[in-house]
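What follows is a single structure, written as structure tokens, with notes after it.
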Amino acid sequence: MNVETLESLGLTHNEAIAYITLTKLGSCKTGKLLQESGLNTGKIYEILDSLKRKGLASETIIDNVKHFAAAPPNRLVEYISKKHEEIEKEEKLAKSLIPEIENLRESKLETSRIAIYTGFNGFKTAVNEATKTLKPKEEILAMGVRASKGAEFNRVWTQWAEQTLAKNHERVIFSDKGAFYDYKLKSKYSKIRFLESTTPNAMTIFGNHTMLILQYDAPVRVIFINDETTVRTFIAIFEQLWKVAKEPQ
């Protein structure tokens, strides 16, 4: 048993040290606990109170002096079980609030808006947000698509395609070739063409009202645009590029 393991179970760093020290010492006074653990004198009672609330330490009075001891090891299992139950309750509550929060959020967002998402998780959020705006049978257009971008991004787009493209077909203009290009080439829902380019950013248009400008290289950044006038401008650009892009040989 070490500090890191107990921290992974939900104890703070100081709680983990105190619990391990109490386990080694058995019943002891705070002075001995402080001496063996190296914990801060001013925090010791706060730490012990927290362990007692979690059921991981007990307190007894011997000769009018407080003594503390670690709870039996099975209390750790009970503590984790209780924590798991609390997490499940919180998860159920969160799920029950999703429709209300989503309605409130949508009511407050402007019809036309721009947002910037950063990092890999931000990228996934942006793709999910844009996909929600799609109506059945609306077309998806993508240009400047690099097969050579990070594999984690291609995995997200592959999962997205499996969930989305049966209802919404796509046209894609690739700027380089690779495994992801070959994957799209085999898709019955995708039409692809090739136009060699060094453009660092890709663009994906969802229907005629939402688009993403994607920067896959660090720092990862996605610009979310929900504005029909702007999107129609980029659709016109896509159509011109589609005319000159090469069909697969």
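Descriptive notes on the structure:
- Residues (surrounded by fewer than 16 Cβ atoms within 10 Å (Cβ to Cβ) and either on the phi > 0 side of the Ramachandran plot or among the small types (Gly, Ala, Ser) (or both)) located in the range 32-71: 38, 42, 55, 63, 64, 69
- Among the residues making up the range 21-31, a single one is without any contact (Cβ under 8 Å) to a residue 24 or more places away in the chain and crowded, with 19+ Cβ neighbours inside 10 Å: 21.
- Among the candidates 80, 101, residue that is part of a helix (DSSP H, G or I), at pLDDT below 80 and under 23 Å from the mean Cα position of the chain (by Cα): 101
- Complete set of residues in the range 175-191 that are buried (at least 19 other Cβ atoms within 10 Å of the Cβ), touching a residue at least 24 places away in the same chain (Cβ under 8 Å) and within 20 Å of residue 163 (Cα to Cα): 180, 181
- For residue 22, the requirement of being touching a Phe, Trp or Tyr at 6+ places or on another chain (Cβ under 7 Å), modelled with pLDDT of 85 or more, in a loop (DSSP other than H, G, I, E, B) and not hydroxyl-bearing (Ser, Thr, Tyr) is not met.
The values are calculated or read from the model by the stated rules, or taken from the named source; none is laboratory data. What you are looking at is a predicted structure, and each value in this text was computed from that prediction instead of being measured. Note that we place each Cβ from the backbone using ideal geometry, even for glycine, and neighbour counts take in every protein chain shown.
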